[in-house]
Amino acid sequence: MRRRPSITLVILVASLWTASPWRDNRVTVDAAAAQANEPTVPLPNKDDSFKFAVLGGFGTGATTQYQLADQMAALHERFKYHTVILLGDNLYGRERPQDFRNKFEVPYKRLLDEGVTFYASLGHEDSREQRYYKLFNMDGNLYYTFSPKANIHFFALESTYMTPEQVAWLEKELKGSRSDWKIAFFHHPLYSSGRLHGSDIRLRGVLEPLFLKYDVSVVFSGHDRFYERIKPQKDIAYFVVGSGGTFLAGNIDRNAGLTASGFDTDLAFMAAEIIADQMYFNVISRSGQTVDSGMLTRRKTRTPQRLAPN
């Protein structure tokens, strides 16, 4: 989605926003974004902000993966993000030491040399042993949390095997977090318009109630090999970022009614910046084109409603 700078639009469905108790997370984009191809909402690039990137489905070792990695490195030269979250399918095919080198260490060497930290979640293509790979920063855990800055808390999940133990752990961690920003990332999307995979309804039934109860603002997933920004669901922003190394052309079913913006004609990654209650984002393709951008506001803790006395 692209826009002309003079026109902006807050994406919401008026009737739902009027009646819903979830009314604090709004995504701002441009009304003309579908017709234009230039950047819309720029990343502010402030010195004291938290900057990060999002990448999924990347570990092919192909030339195209290296080309997108070059775009990530080029962006880093002017936009100093220090964190990258990985959405699974980190290595396609074999996972020998040389594969970790050719599919991760070499393509992202410029970022690694600059001290950028990658935090992985595992996809269905990935060996569970990846949790011991030092550069994925999982510390041997299939699911974990980290807080890179005060008031920002990430929750990395293992969505292939969502065990009761993991669900109990997640609720405990969400409940105990006092961060303003709660951001979840994992492989299988709760919402997706993918023709190949699409929404994981079973997983949604398990996770979405917890995300709503504990004010998760943003959810990142991969699995489907494209980029998609989902229309806000119950005031939560969902993104599919699954085309870091390979893509399926035309795989977004735009008749599904979920797509706010989608890109399924090339590889892409996301860059994001959190400033106070806002998160700005740009999605950048292998050619360096910004194919989507916007700003969203975090969800706020709701005051419990009291029933009127009889």
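For this structure, a couple of remarks:
- Among the numbered conditions (1) of a type in the set (D, E, K, R); (2) within 16 Å of Asn137 (Cβ to Cβ); (3) crowded, with 19+ Cβ neighbours inside 10 Å, the only one that Asp89 does not meet is (2).
- Selection count where residues are assigned to a helix (DSSP H, G or I), in contact with a Leu (Cβ under 9 Å, 6 or more places away or on another chain) and open to solvent by 10 Å² or more (accessible area, probe 1.4 Å), scope the range 143-174: 2
- Qualifying residue in the range 131-150 (condition: in contact (Cβ under 8 Å) with a residue 60 or more places away in the chain and either within 25 Å of Phe211 (Cα to Cα) or more than 17 Å from the chain's Cα centre (by Cα) (or both)): yes
- Subset of the range 38-62 (residues that are hydrophobic (A, V, I, L, M, F, W, C), surrounded by fewer than 20 Cβ atoms within 10 Å (Cβ to Cβ) and either under 19 Å from the mean Cα position of the chain (by Cα) or under 16 Å from Phe185 (Cα atoms) (or both)): Phe50
- The helices (runs of 4 or more DSSP H) located wholly in the range 52-139 that include 1 or more residues which are small (Gly, Ala, Ser) and closer than 26 Å to Glu273 by Cβ occupy 63-78.
- Here Leu258 fulfils each of the conditions (1) in contact (Cβ under 8 Å) with a residue 60 or more places away in the chain; (2) open to solvent by 40 Å² or more (accessible area, probe 1.4 Å) apart from (2).
- Within the range 178-190, the set of residues being open to solvent by less than 10 Å² (accessible area, probe 1.4 Å) and assigned to a loop (DSSP other than H, G, I, E, B) comprises Phe186, His187, Pro189, Leu190.
- Any hit, the range 235-242, residues being out of contact with any Ser or Thr (no Cβ under 8 Å at 6 or more places or on another chain) and either in contact (Cβ under 8 Å) with a residue 24 or more places away in the chain or open to solvent by 20 Å² or more (accessible area, probe 1.4 Å) (or both): no
- Residue in the range 191-205 that is within 22 Å of Gly242 (Cα to Cα), part of a loop (DSSP other than H, G, I, E, B), open to solvent by 20 Å² or more (accessible area, probe 1.4 Å) and in contact with a Phe, Trp or Tyr (Cβ under 8 Å, 6 or more places away or on another chain) present: yes
- Filtered residues of the range 154-202 (kept if in contact with a Ser or Thr (Cβ under 9 Å, 6 or more places away or on another chain) and of a type in the set (Lys, Arg)): Lys182
- Leading residue by the ranking (surrounded by the most Cβ atoms within 10 Å (Cβ to Cβ)) among those in the range 70-86 that are among the aliphatic types (A, V, I, L, M) and without any contact (Cβ under 8 Å) to a residue 40 or more places away in the chain: Val84
The values are calculated or read from the model by the stated rules, or taken from the named source; none is laboratory data. Keep in mind the model is a prediction, meaning the values are calculated, not measured. Using ideal geometry, Cβ is built from the backbone for each residue, glycine included, and neighbour counts are taken over all protein chains shown. SASA here: full protein model, heavy atoms, side chains in, ligands and nucleic acids out. Shrake-Rupley method; radii C 1.70, N 1.55, O 1.52, S 1.80 Å.
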